[in-house]
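First up is the structure itself, then whatever we jot down about it.
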Amino acid sequence: MRSEGSPLLLKIAALACVAFLHVPLLLIFLYAFTTEEKSFQFPPPGYTTKWFGVVWERQDIWDAIGLSVKVAGIATVLALILGTCAAAAISRAKFFGRDHISLLFILPIALPGIVTGIALRSTFGIMDIPFSTWTIVLGHTTFCMVVVYNNVLARFRRTSGSMIEASMDLGADGFQTFRYVVLPQIASALLAGGMLAFALSFDEVIVTTFTAGQQSTLPIWMLNELIRPRQRPITNVVAIFVIAVTFIPILAAYYLTREGEHTAGAGK
Amino acid sequence: MSFSRSVSNTLFRHPNWFLVILLAPPLLWLGVAYLGSLSVFLFHAFFSIDEFSGFIKYELTLATFAELFRLSNFDVIIRSLVMATAVTLASVVIAFPFAYFAARYARGKWKALFYILVMLPLWSSYLVKVYAWKLILAKEGIISWLAGELHLTWALDALLAIPVIGGPSLSISFLGTFLVFVYVWLPFMILPTQAALERVPVSFIDASSDLGGTPAQTFRHVIFPLALPGIIAGSIFTFSLTLGDYIIPQIIGNSSYFLGQAVYSLQGTAGNIPLAAAFTVVPIVIMGFYLAIAKRMGAFDAL
Amino acid sequence: MATAVSFQKISRYFGPVRAVDDVTLDIAEGEFFAMLGPSGSGKTTCLRLIAGFEQPTSGHMEIFGVTSEGVPPYQRNVNTVFQDYALFPHMTVLDNVAYGLMVKGIDKPTRHRKALEALTLVALGSFGSRRPSQLSGGQRQRVALARALVNEPKVLLLDEPLGALDLKLREQMQVELKALQRNLGITFVFVTHDQGEALSMADRVAIFNDGRIVQVGSPEDIYERPNTKFVADFVGSSNVLSPAFSKAAGGPEKWASLRPEKIGILPARAKPSPGQQGASAKIIAAHYQGSVTRFNTRTANGEVINVTVPSSLGKFAEGDEIMLHWPKEALHIMAGEA
């Protein structure tokens, strides 16, 4: 513990950084209530809550939300299965080429999203696969898998390997061991990974622009509004909704993984 | 014996089968579908486009790569590189004081709060963040209003009058693009820098001042070198993300292209897949070099 | 007595590494058997072969007369106390102990009653509702023991179970484990690198080196009559003497061992009495240790010999020229090559 406080200049710089990170997001809230719909006039000439009602009535927004939830849901389930399998294999066995395979498993987030998107699109083109919900799901699962993989792998690495042996030693076969020992140990990591994957998919725009065809997910809808604005405050209302949908799982995931670290540390 | 027991026994006797069952689905997905798509697409860079018919000529050639060096194309590459470098440097300058403060002076609850203060903007919607800046940078937006209130409109106008980086308004200028890039990727710089600074023991700083180092000397010779791997790790993100992005310059900025936009329009409206592939190779190669250098400087231990 | 565990020319290779190399061994029912050796000598792999975590590369293995190759751990009547205890952190102590019974499908009241009995056996009857993280190292060790014993195994395997405990607790647990094994009559197979632990607890000890068993015998055999230089070196404080020394003392040209407490000290040029052998030497260092004093001496040929004598006789000091003497039969010639 240090007794002296921080230098004033450092404090100001740090606070300025916090303001820089957060003030823009706060402005979104403010603009959702403006009466001005043709420009981004500041300060807003008046305030109203009517835009929330307008959004409620808009079928195109509901369709976009529906598609986003569907895509994120399916992609998350697939990512959970594939990511967990990959993490289990990488963590439990040493085999030829393991390092290369683990590199492959992080490639989809290491490379820019545009590379993933364009590569998938060109393959759809070559193989004559028509764009559909499933082509979007395919793209999203590719990077969601990586998020789950990273979360679950980190948990496997903190879990003592002798735990699985102990279970088998006490008479539990592979399935029982998975059910009673492995699953409870990785449950919170799965939940956290799943939530992050959902949030990531729900918000994804770059890969989606390449794999979506005519359908609009919510981010695609927003992108269109950004490029060709119509009723601007509506976009703000949708933005608030998106912030809520992505913030809550992310906060929950943060607390879940912290909890996990805590218990794993105490078990030593 | 129950069915599950006999399956379990079989897998026990053949541990390699079990490994194959675990690995096959993700490997098929990423190794075959993803990596396959990527290789097939990138291989198109060795083909060229027939100028008359607009169809792809499936003959191996380096002509498409050569086209990258045509002035208009090379411009795009240089512009993207300059932007990525500027964004990275600015991120370091803004992130460092915050990371240093959070690492050294924040304790307990405050530390958790600082962490969340970075995590929330990091994970919040990318489009929402870009959109927020469209509001801020608009001609009638908050920056113009602030400048007016503070009687600094002349300064803003002077800034926008600077050739190349200026423009009719902040949202239609390189300066605006730059600001948004910095904003969006800043958390990626803060987190690894803070992690590296956390690992600098306080005793090192005390030792340096005990040996007569002024705060500035301590910073230069002790703190900064030890934080460098973290900064480099962060710069991998800011640099790579800026190079590959095509949404931000499309929404905020003037009409000149960055790498991502070039790729996007080439594969879309222009239908020139070979050139799009050649353009895609550029950031991959640049990041390859970047990662090799970063690895040598120990940045991967800081991730 | 029946044979509990039988290794017949068992080998286990990991790639080019011969972790266990052609081991043949019988462990009798009800025996407290220790596997002793330096780390990497193959003792833990042998334990894992019995548990079923590893399969032999070649050879044949039986547990109570039943071939065990290919039998998974969950179908062996063998339980293990792990080095890191491997308690399940997400379960209470009681559920940990009842785990083996649960996966066998035994109803809840019965398995909880049995688990409580097992916990009482290790003096932790009132700790059932706690989490493993709320226990001390010694308590966790007992829970691990109870969790294994509740399944009534025919063989209990212990992998360095006392390694993580402090010295005082370790000595206490040695006594308790030994008493427990006598009362239950279960075969214990115990892996350790601590020779004191092995010698004080086991009925028989196997010494491992480089994947092979070098010597098997009672603690007394091992201590008094090591068959190779390695065993003498590893097991303890015995003097290991060169083949040249043995030959000069009238024996075959082989390595020999000579216990420090069997040696007496006479003034230089004194003559050993009949039936005794002698060698002149010089005292390099003297260590007063209370009731005894330990001398490091060196003979003219450079042989270093440690001697322990009662301190009441300690009239010798560093630098003195002396005559060492010992009963002829105390010089143990080692049969082995190395």
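The values are calculated or read from the model by the stated rules, or taken from the named source; none is laboratory data. Just so we're clear, the structure is a prediction, and the values are computed from it rather than from any experiment. Methodologically, a virtual Cβ is constructed for each residue, glycine included, from the backbone with ideal geometry; neighbour enumeration extends over all protein chains shown.
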- Unique match (being at pLDDT 85 or above and among the hydroxyl-bearing types (Ser, Thr, Tyr)) among B:Thr218, B:Thr269, B:Thr214, B:Thr177: B:Thr177
- helices (runs of 4 or more DSSP H) contained entirely in the stretch A:1-104, each with at least 3 residues that are at pLDDT below 85 and at negative phi: A:8-31, A:50-57
- Residue count for the stretch A:120-142, restricted to those that are more than 14 Å from A:Thr209 (Cβ to Cβ) and among the aromatic types (Phe, Trp, Tyr): 1
- Task: Output yes when any residue across the stretch A:138-151 is modelled with pLDDT under 90, of a type in the set (A, V, I, L, M, F, W, C) and more than 18 Å from A:Ile74 (Cβ to Cβ), and no when none is.
- Result: no
- Query: Pick from A:Gly161, A:Gly174, A:Gly113: which is surrounded by fewer than 20 Cβ atoms within 10 Å (Cβ to Cβ) and at pLDDT below 90?
  - Reply: A:Gly161
- Message: I'd like the full set of residues that are assigned to a helix (DSSP H, G or I), among the charged types (D, E, K, R) and either touching a Phe, Trp or Tyr at 6+ places or on another chain (Cβ under 8 Å) or loosely packed, with under 15 Cβ neighbours inside 10 Å (or both), limited to the stretch C:99-129.
- Response: C:Lys108, C:Arg113, C:Glu117
- Query: Is it the case that B:Leu127 is part of a helix (DSSP H, G or I) and surrounded by fewer than 19 Cβ atoms within 10 Å (Cβ to Cβ)?
  - Reply: no
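Tell me which residues, restricted to the stretch B:71-98, are among the aliphatic types (A, V, I, L, M) and in contact with a Cys (Cβ under 9 Å, 6 or more places away or on another chain). Talk me through it step by step, then tell me what you get.
Step one: filter the stretch B:71-98 for residues among the aliphatic types (A, V, I, L, M), giving B:71, B:76-78, B:81-84, B:86-87, B:89-90, B:92-95.
Listed by number, the residues that qualify are B:Ile94, B:Ala95.
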- Note on the structure: Of (1) aliphatic (A, V, I, L, M); (2) more than 26 Å from the chain's Cα centre (by Cα); (3) at the interface with chain A (Cβ under 7 Å from one of its Cβ atoms), B:Ala138 fails just (2)
- Query: Is it fair to say A:Phe143 is closer than 26 Å to A:Pro219 by Cβ and of a type in the set (Phe, Trp, Tyr)?
  - Reply: yes
- Could you check, for the stretch A:191-213, whether at least one of its residues is surrounded by fewer than 19 Cβ atoms within 10 Å (Cβ to Cβ), in a helix (DSSP H, G or I), more than 10 Å from chain C (Cβ to nearest Cβ) and under 16 Å from the mean Cα position of the chain (by Cα)? yes
- Boolean, A:Thr141 is within 11 Å of chain B (Cβ to nearest Cβ), in contact with a Leu (Cβ under 6 Å, 6 or more places away or on another chain), in a helix (DSSP H, G or I) and crowded, with 21+ Cβ neighbours inside 10 Å: yes
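Got a sec? Which of A:Lys70, A:Lys50 is farther than 21 Å from B:Ser169 by Cα, exposed (fewer than 14 other Cβ atoms within 10 Å of the Cβ), of a type in the set (Lys, Arg) and out of contact with any Gly (no Cβ under 8 Å at 6 or more places or on another chain)?
A:Lys50
Let's see how each residue does on (1) surrounded by 15 or more Cβ atoms within 10 Å (Cβ to Cβ); (2) of a type outside the set (A, V, I, L, M, F, W, C):
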{"position": "A:Leu8", "(1), (2)": "no, no"}
{"position": "A:Ile28", "(1), (2)": "yes, no"}
{"position": "A:Phe40", "(1), (2)": "yes, no"}
{"position": "A:Asp60", "(1), (2)": "no, yes"}
{"position": "A:Ala64", "(1), (2)": "yes, no"}
{"position": "A:Leu78", "(1), (2)": "yes, no"}
{"position": "A:Thr84", "(1), (2)": "yes, yes"}
- Item | Unique residue being touching a residue at least 40 places away in the same chain (Cβ under 8 Å) and of a type outside the set (Lys, Arg) when the list is B:Leu122, B:Leu152, B:Leu135 | B:Leu122
- Message: Just to be sure I understand, how many residues within the stretch C:56-98 are facing another protein chain (nearest Cβ under 7 Å) and outside any helix (DSSP H, G or I)?
- Response: 10
- Tally time: how many residues in the stretch C:130-155 are surrounded by fewer than 21 Cβ atoms within 10 Å (Cβ to Cβ), assigned to a helix (DSSP H, G or I) and more than 9 Å from chain A (Cβ to nearest Cβ)? 3
- Is there a residue being of a type outside the set (A, V, I, L, M, F, W, C), more than 16 Å from the chain's Cα centre (by Cα), loosely packed, with under 14 Cβ neighbours inside 10 Å and within 10 Å of another protein chain (Cβ to nearest Cβ) anywhere in the stretch B:105-116? yes
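Name the residue, out of B:Ser208, B:Ser265, that is part of a helix (DSSP H, G or I), over 30 Å from B:Leu42 (Cβ atoms) and either without any contact (Cβ under 8 Å) to a residue 40 or more places away in the chain or in contact with an Asp or Glu (Cβ under 7 Å, 6 or more places away or on another chain) (or both).
Details: B:Ser265 fails: over 30 Å from B:Leu42 (Cβ atoms).
Within the list B:Ser208, B:Ser265, the selection yields B:Ser208.
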- Inside the stretch B:13-26, can you point out the residues that are more than 7 Å from chain A (Cβ to nearest Cβ) and closer than 18 Å to A:Asp173 by Cβ? B:Arg13, B:His14, B:Pro15, B:Trp17, B:Phe18, B:Ile21
- Message: Yes or no: the stretch B:29-48 includes at least one residue that is touching a helix residue (DSSP H, G or I) at 6+ places or on another chain (Cβ under 9 Å), buried (at least 19 other Cβ atoms within 10 Å of the Cβ) and more than 14 Å from chain A (Cβ to nearest Cβ).
- Response: yes
- Task: Could you please tell me which pairs satisfy a Cβ distance under 6 Å, a separation of 6+ or placement on different chains, a first residue in the stretch B:48-76 that is without any contact (Cβ under 8 Å) to a residue 40 or more places away in the chain, and a second residue that is basic (Lys, Arg)?
- Result: B:Asp50/B:Lys57
- Task: Determine, yes or no, whether C:Val66 is under 27 Å from the mean Cα position of the chain (by Cα) and free of Cβ contacts under 8 Å to residues at least 12 places away in the same chain.
- Result: yes
- Tally, over the stretch A:1-35, of residues that are touching a residue at least 24 places away in the same chain (Cβ under 8 Å), out of contact with any Ser or Thr (no Cβ under 8 Å at 6 or more places or on another chain) and facing chain B (nearest Cβ under 9 Å): 2
- Task: Return a yes/no flag: does the stretch A:42-59 have any residue that is in contact with a Phe, Trp or Tyr (Cβ under 7 Å, 6 or more places away or on another chain), at the interface with another protein chain (Cβ under 8 Å from one of its Cβ atoms), among the aromatic types (Phe, Trp, Tyr) and closer than 27 Å to A:Thr217 by Cβ.
- Result: no
